Amino acid sequence: MAVIQKNPGIEKTVKSLSNLLKNLAKGVGEKITLEEEISLLQDYVDTQSVRFMELLKIENHIDKQFYSYKIIKFTLQPLVENAIFHGIEPTGECGTITLTAYEEGDYLLITVKDNGVGMSEEELKVLRESAVNPHLRGMAGIGVSNVDSRLKLTYGDECGLSYESVQRSFTRVTVRIKKEV
């Protein structure tokens, strides 16, 4: 109907949502290339752009040389989702989420940084403690803690998520995984 009515916005959103649902139905444990993960992330962002219109900008600064590395499917989406809902949306202003990647020895590090409300030292401390002690988190932050748990189970305890934040400035989550092609 969107094609017939010449509404490309609805057409794009429905296609993105369909792609996300198909991939989610296949499971979240498999490894895909970083390029495929970024494509899934773009599908998620496309569905959110309907809601946020011009209030959200995603900047992908990940060099294409990293695109062939493998990553667990749906690693980045929960991080971007948190950046939107806990970082940018509370500001009530246009926000930017920036993706970067770099190598550190045998590891690939991928960062998701937002220019939103940031977190206080106390909030950051609670987040870090809940990553170590799952019983502290309750239902809050379950998506991100799931990502951290999946990364540690797959790549080892030296891998996972780390956090940096400055209140009223930014939050950056870094994904650390072993390089694998």
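Of all residues in region 151-172, which are under 27 Å from Asn115 (Cβ atoms) and of a type in the set (D, E, K, R)? Outline the logic, then answer.
From region 151-172, those under 27 Å from Asn115 (Cβ atoms) are 151, 159-172; that's our starting set.
The answer is Glu164, Arg168, Arg172.
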Q: Can you tell me which residue among Ile71, Ile110 is assigned to a strand (DSSP E or B) and touching a helix residue (DSSP H, G or I) at 6+ places or on another chain (Cβ under 6 Å)?
A: Ile71
(Q) Out of the residues in region 118-148 meeting the condition of being at pLDDT 85 or above, in a helix (DSSP H, G or I) and of a type in the set (A, V, I, L, M, F, W, C), tell me which one is most open to solvent (accessible area, probe 1.4 Å). (A) Val126
**Q.** Filter result for Leu151 (modelled with pLDDT of 95 or more, touching a Cys at 6+ places or on another chain (Cβ under 6 Å) and either surrounded by 19 or more Cβ atoms within 10 Å (Cβ to Cβ) or within 28 Å of Thr33 (Cβ to Cβ) (or both))
**A.** yes
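Residue under question is Asn115, and the condition is that it be more than 13 Å from the chain's Cα centre (by Cα), modelled with pLDDT of 95 or more, open to solvent by 30 Å² or more (accessible area, probe 1.4 Å) and polar (S, T, N, Q); does it hold?
On the way: more than 13 Å from the chain's Cα centre (by Cα): yes; modelled with pLDDT of 95 or more: yes; open to solvent by 30 Å² or more (accessible area, probe 1.4 Å): yes; polar (S, T, N, Q): yes.
For Asn115, the condition - more than 13 Å from the chain's Cα centre (by Cα), modelled with pLDDT of 95 or more, open to solvent by 30 Å² or more (accessible area, probe 1.4 Å) and polar (S, T, N, Q) - is met.
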Q) Is at least one residue of region 57-72 surrounded by fewer than 18 Cβ atoms within 10 Å (Cβ to Cβ), under 16 Å from Glu164 (Cα atoms) and among the basic types (Lys, Arg)? A) no
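The values are calculated or read from the model by the stated rules, or taken from the named source; none is laboratory data. None of the values given here were measured: they were computed from a predicted structure. As a convention, Cβ positions derive from the backbone with ideal geometry for all residues, glycine included, and neighbour counts pool all protein chains shown. Areas reflect the complete protein model, heavy atoms only, side chains present, ligands, DNA and RNA absent. Shrake-Rupley method; radii C 1.70, N 1.55, O 1.52, S 1.80 Å.
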